[in-house]
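Data block below; observations after.
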Amino acid sequence: MTKPRLLDDPRRRGRLDPQGMAARIEGFPDQIREGVSIAAPALRKISEGRPRRLVLFGMGGSAIAGDLLRAVTDRDGQAMVHVVRHYEPPAWLTRDDFLIFSSYSGETEETLGSFQATRSLGARACVIATGGTLAAGAEAAGIPVALLPAGHPPRAALGYSFSTLASIASHLGVAPGLSDRLPAASRAVEGVVSGCGTAVLQSRNSAKKLAIRLAGRAVLVIGGERGLAAVAVRWKGQLNENAKQLAWASTLPEMNHNEIDGFAGPKAAVGRLAAVLLRDPEDHPRIATRFDWLASYLKRRGVPALPVWAEGDDSVSRLLGCAAFGDFVSYYLALQNGVDPSALPGVEALKKALRA
Ligand code: F6R
């Protein structure tokens with residue numbers, strides 16, 4: 001019998017992924033469906049009425065759902081969404097804003113800091129967490145809590161956190177009708193799972209093929225500002241955390257006004273880069289032109305420019321489908337790199353040092 005290719009080898013997967021990250025990524029569509037009922041008890045306690053702004057406080061895997069929601073509301077929402085990744089809330093908060101504190105563990109010090117600092121404001125608020133100090137503090141203060149299922153790495157709970165947040169944003173009129181778009185988004189992600197899941201051989205699996213192209217390179221992920229910029233941030237985080245690989249995210253058109261002149265050097269670094277171009281069929285026509293130009297510009301400088309087209313009729317489906325595709329790429333890159341996709345030695349060591 002011929003030996004399976006590295007990314008098709010179930011034994012390698014079993015050895016490198018003892019905590020089952022693959023199954024969690026494949027569970028993304030179910031998470032999207034379940035988020036709606038996770039939000040329901042909290043929604044019953046949240047009075048309707050559109051706030052001036054929706055402000056989400058969170059870090060890492062608990063903040064990214066806020067970026068995705070902002071992408072949705074910038075396109076067709078009714079109020080501004082702002083994401084705060086810091087200990088201190090912005091000075092402009094008012095009691096007309098709606099505050100969401102999102103921390104999967106409920107123990108993230110930046111989010112707890114902002115929670116405490118906003119207590120006297122009197123704004124409506126909600127917590128998204130599995131428990132911890134944050135959920136306990138919210139319950140003591142009479143703030144509704146949307147309780148996520150425990151047992152996942154926070155970044156692998158994006159389906160839960162996004163659809164919970166989307167349900168809240170719909171309820172508040174910040175993103176009217178968004179929760180009605182979740183079933184289609186879940187089906188779109190299901191399509192990505194059936195095309196890119198672990199059982200699909202490398203010869204037919206575009207996520208495995210892309211991971212191979214990215215191996216050994218620092219990865220620049222580019223998304224259009226009104227298109228897939230938030231998904232580029234998700235890809236960057238997943239490549240860092242799952243694959244333990246350097247990556248950064250840039251947006252169009254902004255990077256056209258500065259970063260493109262950086263591809264001159266240092267030459268050794270430029271020679272070890274790859275760029276992933278996250279393209280949305282509804283990108284502004286000038287953004288599409290800029291993507292085309294950028295692809296040939298990068299190639300001329302020896303940087304592979306690899307386009308990924310988001311698919312689906314609805315922009316929410318494209319956002320989540322493209323995020324799921326990136327999750328798979330980061331997973332296969334972890335296998336390629338010979339690392340456990342669930343382990344986070346750096347993040348954990350830092351958190352431990354800060355607790356000491
Ligand atoms: C880990 C992960 C991290 C955490 C971050 C904040 O899977 O994605 O980025 O999300 O360290 O922790 P939580 O989510 O518990 O507030």
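Rounded to the nearest whole Hz, the Karplus-based 3J(HN,Hα) values (6.51 cos²θ - 1.76 cosθ + 1.60, θ = phi - 60°) of segment 336-345 follow the sequence 4, 7, x, 10, 6, x, 7, 5, 9, x, with x at glycine and proline.
Taking N as the residue count of segment 217-274, its C-alpha radius of gyration divided by 2.2 N^0.38 Å amounts to 1.14.
Can you work out D for segment 306-350 in µm² s⁻¹ from Stokes-Einstein, where Rh is the Kirkwood radius over C-alpha pairs, the temperature is 20 °C and the viscosity is 1.002 mPa s?
On the way: Rh = 12.4 Å.
Reported coefficient: 173 µm²/s.
List the pairs from 208/352; 236/351; 236/299; 209/244 whose alpha-carbon separation is above 29 Å, in the order I gave them. As for pairs spanning more than 29 Å Cα to Cα, those are 208/352. Spin-label pair residue 136-residue 284: with each label point 7 Å from Cα along the Cα-Cβ axis, the two points sit 4.8 nm from one another.
Per Stokes-Einstein, at 20 °C and 1.002 mPa s, what whole-number D in µm² s⁻¹ belongs to segment 130-256, with the Kirkwood radius over Cα pairs as the hydrodynamic radius?
Working: Rh = 17.5 Å.
Approximately 123 µm²/s, per Stokes-Einstein.
GNM on the chain, alpha-carbon springs under 10 angstrom: the most fluctuating residue among 286, 70, 85 is 286. Helical content alone sets the calculated 222 nm signal of the chain at -14500 deg cm²/dmol, taking -39,500 (n - 2.57) per DSSP H segment of four or more residues and averaging over every residue.
For the options 197, 14, 312, a Gaussian network treatment of the chain with springs between C-alpha atoms closer than 10 Å singles out 14 as fluctuating the most.
For the pair residue 91 and residue 15, a Förster radius of 51 Å applied to the C-beta separation gives a FRET efficiency near 0.50, rounded to the nearest 0.05.
Where does the chain land on Rg/Rh, using Cα atoms and the Kirkwood Rh? Present the calculation step by step, with values, prior to reporting the outcome.
Details: Rg = 20.2 Å, Rh = 20.8 Å.
Ratio value, two decimals: 0.97.
Simple spin-label estimate for residue 2 and residue 351 gives 4.3 nm between the two label positions (7 Å along the Cα-to-Cβ direction from each Cα). Sequence-ordered 3J(HN,Hα) estimates for segment 19-34 from the Karplus curve with 6.51, -1.76 and 1.60 and θ = phi - 60° stand at 8, x, 4, 4, 5, 5, 5, 5, x, 3, x, 5, 4, 4, 5, 6 Hz, glycine and proline given as x. GNM remark for the chain: springs join alpha carbons under 10 Å apart, and the peak mean-square fluctuation among 32, 222, 287 falls on 287. Can you list the residues, at least 5 places off or on another chain, whose amide H is less than 5 Å from the amide H of residue 125, using H built in the peptide plane? Long-range HN contacts for residue 125: 99.
Counting only the Cα atoms, segment 1-97 fills a convex hull of 176 Å³ per residue.
Between residue 260 and residue 119, the FRET efficiency from the beta-carbon distance, with R0 = 35 Å, is close to 0.20.
Give, rounded to the nearest 20 debye, the magnitude of the charge dipole that the chain has about its Cα centre when Lys and Arg contribute +1 at Cβ and Asp and Glu contribute -1 at Cβ.
1000 debye
Using the average count of surrounding beta-carbon atoms within 10 Å as a protection proxy, the listed peptides 317-326, 291-300, 55-64, 238-247 rank, highest first, as 317-326, 55-64, 238-247, 291-300. Working note: Karplus 6.51/-1.76/1.60 with θ = phi - 60° gives segment 3-12 the couplings 5, x, 4, 3, 7, 9, 8, x, 6, 5 Hz, where Gly and Pro are set to x.
Using a Förster distance of 35 angstrom, determine the FRET efficiency expected from the C-beta separation of residue 272 and residue 296, and round it to 0.05. Using R0 = 35 Å, I get an efficiency of 0.95.
If we count every other residue with Cβ under 13 angstrom of residue 12's Cβ, Lys/Arg +1 and Asp/Glu -1, where does the sum land? Before the final figure, lay out the partial values.
On the way: positive: 3, 5, 11, 13, 15, 208; negative: 8, 9, 17, 340.
Every neighbour counted, the sum reads +2.
Using the Kirkwood radius over C-alpha pairs as Rh, can you work out the diffusion coefficient of segment 63-107 via Stokes-Einstein at 37 °C, viscosity 0.692 mPa s, in µm² per second? My calculation gives 276 µm²/s for D.
Since every read-out is calculated from the coordinates, none of them should be taken as a lab result. Just so it is clear, the structure is predicted and the values come from calculations on it, not from any experiment. No Cβ is skipped: glycine too gets one built from the backbone with ideal geometry, and neighbour counts run over all protein chains shown.
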